[in-house]
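One structure is given below, encoded as structure tokens.
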Amino acid sequence: MSELLNSIALPPPFPDHTQLPESDGTFVKKFQEHPQSLILTDSIGSILQRLHPDGHYCIGQDCGIYWRETDPPERGAEAPDWFYVPGVPPNLDGKIRRSYVLWREFIAPTIILEFASGDGSEERDRTPLSFSAKRSPTKPGKFWVYERIIRAAYYGIYEINNGILEVYDYINGHYEKMTPNARGHYPIAPMEVELGLLEGTYQNQQMLWLRWWDLRGNLLPTGQELAEKERQEKEQERQKRSRLVEKLRSLPADQLQALSINSEDLDL
């Protein structure tokens, strides 16, 4: 019996993230896509640190999500422009993630975002996976994969050139198009944020950017915006103090003495 078992060739185990390509074989086609990903990741950091004090979450930027083992491997992957997965470590076995492999971790992303370089038809493609005896399986559409296989709780499509944002909510096995709230934002409840569009300049590009707000409608700033806000507050405080000093300098010595102010201190 043992000889029979030893003679049976077992199939190799499904590969992990170290054995698979890092993306689905495509590449970023628009200059705006990389800065857009950076804004989303940078500005939501404080929220995710609060939600995950243990640091167990990961963010993918144009990174492959493997949902099916295929040959070549890229045919079984989608590489969203941006996605977030809760409850998983940022590294695996001490190695930086190269991709996200569903058959290894089984946790679906909370949100997947695609930045459409055209009219969004590719991102809305619902073509199902189909098999034929005469030919290899057809590659399914992104929308179908995200809805039927990966099942991210939210799926957003941002048409960069048209400034159009659509967000879908996964309800009862299907995506339903969401209606924005009174602020024009889409609440993403599990992340305690809202998603919307805001005109602005980032890395020398003026355009409508995908941005996060908290549930009270406050914009979540990037690190650069936060630093600029702090600089402005310090400058306002300096100017306020300078005006006060000038006002005190105009007072006669007896009034300064009554206020217990040494005129020499005003020269500091």
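The values are calculated or read from the model by the stated rules, or taken from the named source; none is laboratory data. Keep in mind that what you see is a predicted model, and the values were worked out from it rather than measured. Using ideal geometry, Cβ is built from the backbone for each residue, glycine included, and neighbour counts are taken over all protein chains shown.
Residues of the range 75-97 that are of a type in the set (D, E, K, R), more than 17 Å from Thr41 (Cα to Cα) and either surrounded by fewer than 18 Cβ atoms within 10 Å (Cβ to Cβ) or touching a Leu at 6+ places or on another chain (Cβ under 8 Å) (or both): Arg75, Asp93, Lys95. The one condition from (1) out of contact with any strand residue (DSSP E or B) (no Cβ under 6 Å at 6 or more places or on another chain); (2) surrounded by 17 or more Cβ atoms within 10 Å (Cβ to Cβ) that Pro72 does not meet is (2). Name the residue, out of Gly184, Gly163, that is touching a residue at least 12 places away in the same chain (Cβ under 8 Å), small (Gly, Ala, Ser) and closer than 20 Å to Arg124 by Cβ. Unique residue meeting the criteria: Gly163.
Quick grid of which residues meet (1) at pLDDT below 95; (2) closer than 16 Å to Leu113 by Cα; (3) part of a helix (DSSP H, G or I):
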residue	(1), (2), (3)
Thr179	no, no, no
Leu197	no, yes, no
Gly217	no, no, no
Glu228	yes, no, yes
Gln232	yes, no, yes
Arg241	yes, no, yes
Leu256	yes, no, yes
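Being in a helix (DSSP H, G or I) and free of Cβ contacts under 8 Å to residues at least 40 places away in the same chain narrows it down to one of Arg104, Arg50, so name that one. Full working, then the answer.
On the way: Arg104 fails: free of Cβ contacts under 8 Å to residues at least 40 places away in the same chain.
The match here is Arg50.
Going by the structure shown, is Gln206 surrounded by fewer than 12 Cβ atoms within 10 Å (Cβ to Cβ) and over 18 Å from Leu51 (Cα atoms)? So Gln206 passes the test.
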